[in-house]
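Enquirer: Next up is a structure, given as structure tokens.
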């Protein structure tokens, strides 16, 4: 059984809300997609090998670290009140993640914040929820965890199964939430549909850092889960809201890629806005997705965003799906 909040000796202020749509309802009509892969096939497609994977640790500030492994980056607040992490990757990696946590002074995970419900950021819930960690997410993310879904990457798609009860969010919020832990205030912010319909940015006010999950990707173009509520315009608006809520000294932790700064986030917003305008203009001219891809509306950014043969078709197809939905 999970410990009571009072026994943790924390001041937890939360705006708690019920899911925005009922269990079993679909957020949008799904578009056509390529072959639907199982979880193991998706791991292979992304080149993930859990046995060979290493967990690398970067200190961002006193009491705040980032763990890099496979899947989404994990932020770790560790201190006198316990351990709070943001995202948790995979149960297959949990022994290695726990070893890395122990190295920075953490004996157990008290809280897990899921930035969203996708498997590479939240499947670790399956282990940590069973061990008594309190799981927190935006309310729409919990709703998505209740059912099976197809995650449409464009050229191919992946199955994501419903989470077992012990891996679901214990605490949800609608727009904002605050933790007071380890000597600082941690703010959770949801702006609206972006990477998914249930994204959360996590702002560490004391050490001046933010984790944006996959709303901000610093390893290439973002993935927009347009079939499950994601939205390009919403992603831009979400990033802008976070940009405006931080300052030039804030350390910015992306869902994937290295820790960076506010200037890089601003550049990301700028490029996505330009691409949105170009693709929308082609759509307004009656161009098909194939014609838009042939027009190469991202060409002058592809090197900067490390585009490859898998990423680019996926990105453009999800931009198109978002703008034509």
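Enquirer: Mind listing whichever residues of region 275-290 are under 20 Å from residue 223 (Cα atoms) and in contact (Cβ under 8 Å) with a residue 12 or more places away in the chain?
Expert: 275, 276, 278, 279, 280, 283, 289, listed by residue number.
Enquirer: Taking the conditions exactly as written (surrounded by 19 or more Cβ atoms within 10 Å (Cβ to Cβ), modelled with pLDDT of 95 or more, touching a strand residue (DSSP E or B) at 6+ places or on another chain (Cβ under 7 Å) and over 29 Å from residue 197 (Cβ atoms)), does residue 74 satisfy them or not?
Expert: For residue 74, the condition - surrounded by 19 or more Cβ atoms within 10 Å (Cβ to Cβ), modelled with pLDDT of 95 or more, touching a strand residue (DSSP E or B) at 6+ places or on another chain (Cβ under 7 Å) and over 29 Å from residue 197 (Cβ atoms) - is not met.
Enquirer: So which helices (runs of 4 or more DSSP H) stay within region 83-178 end to end and still have 1 or more residues that are more than 17 Å from the chain's Cα centre (by Cα) and either modelled with pLDDT under 95 or within 22 Å of residue 214 (Cα to Cα) (or both)?
Expert: Numbers: elements: 94-103, 119-122, 125-128, 139-145.
In region 83-178, the matching helices (runs of 4 or more DSSP H) lie at 94-103, 125-128.
Enquirer: Scan region 254-273 residue by residue and report those that are touching a residue at least 12 places away in the same chain (Cβ under 8 Å) and over 14 Å from residue 220 (Cα atoms).
Expert: Residues satisfying the conditions are 261, 262, 263, 266, 273.
Enquirer: Using the structure shown, decide if residue 207 is in contact with a strand residue (DSSP E or B) (Cβ under 8 Å, 6 or more places away or on another chain), buried (at least 16 other Cβ atoms within 10 Å of the Cβ) and not in a helix (DSSP H, G or I).
Expert: So residue 207 fits the description; yes.
Enquirer: Quick check on residue 293: is it in contact (Cβ under 8 Å) with a residue 12 or more places away in the chain, assigned to a helix (DSSP H, G or I) and within 26 Å of residue 114 (Cβ to Cβ)?
Expert: No.
Enquirer: So, one more: Are any residues in region 303-325 without any contact (Cβ under 8 Å) to a residue 60 or more places away in the chain, surrounded by fewer than 16 Cβ atoms within 10 Å (Cβ to Cβ) and in contact with a helix residue (DSSP H, G or I) (Cβ under 8 Å, 6 or more places away or on another chain), and if so, which ones?
Expert: Within region 303-325, 304, 324 meet the criteria.
Enquirer: Let me spell it out: the conditions are (1) surrounded by fewer than 19 Cβ atoms within 10 Å (Cβ to Cβ); (2) outside any strand (DSSP E or B); (3) in contact with a strand residue (DSSP E or B) (Cβ under 6 Å, 6 or more places away or on another chain), and residue 58 meets all of them except one. Which number is the exception?
Expert: Unmet condition: (2).
Enquirer: All but one of (1) free of Cβ contacts under 8 Å to residues at least 24 places away in the same chain; (2) within 28 Å of residue 302 (Cα to Cα) hold for residue 185, so report the exception by its number.
Expert: Every condition holds for residue 185 apart from (2).
Enquirer: Name, by its number, the condition in (1) within 13 Å of the chain's Cα centre (by Cα); (2) at positive phi that does not hold for residue 198.
Expert: All conditions pass for residue 198, except number (2).
Enquirer: Another question, if that's okay. Quick check: anything in region 17-30 modelled with pLDDT under 50 and within 17 Å of residue 81 (Cα to Cα)?
Expert: No - not one qualifying residue is present in region 17-30.
Enquirer: Hey, another quick one. Could you list, ordered by first residue, the pairs with Cβ atoms under 9 Å in which the first is in region 218-234 and free of Cβ contacts under 8 Å to residues at least 60 places away in the same chain and the second is in a loop (DSSP other than H, G, I, E, B) and surrounded by fewer than 23 Cβ atoms within 10 Å (Cβ to Cβ), at least 6 apart or interchain?
Expert: 218/257; 218/258; 218/259; 234/191; 234/192
Enquirer: While we're on this one: Quick check on this structure: which one of 258, 313 is part of a helix (DSSP H, G or I), under 24 Å from the mean Cα position of the chain (by Cα) and closer than 29 Å to residue 156 by Cβ?
Expert: Only one candidate passes the filter, namely 313.
The values are calculated or read from the model by the stated rules, or taken from the named source; none is laboratory data. Everything quoted here is computed from the prediction, not taken from an experiment. Neighbour counts are summed over all protein chains in view; Cβ atoms, including those assigned to glycine, are modelled from backbone coordinates with ideal geometry.
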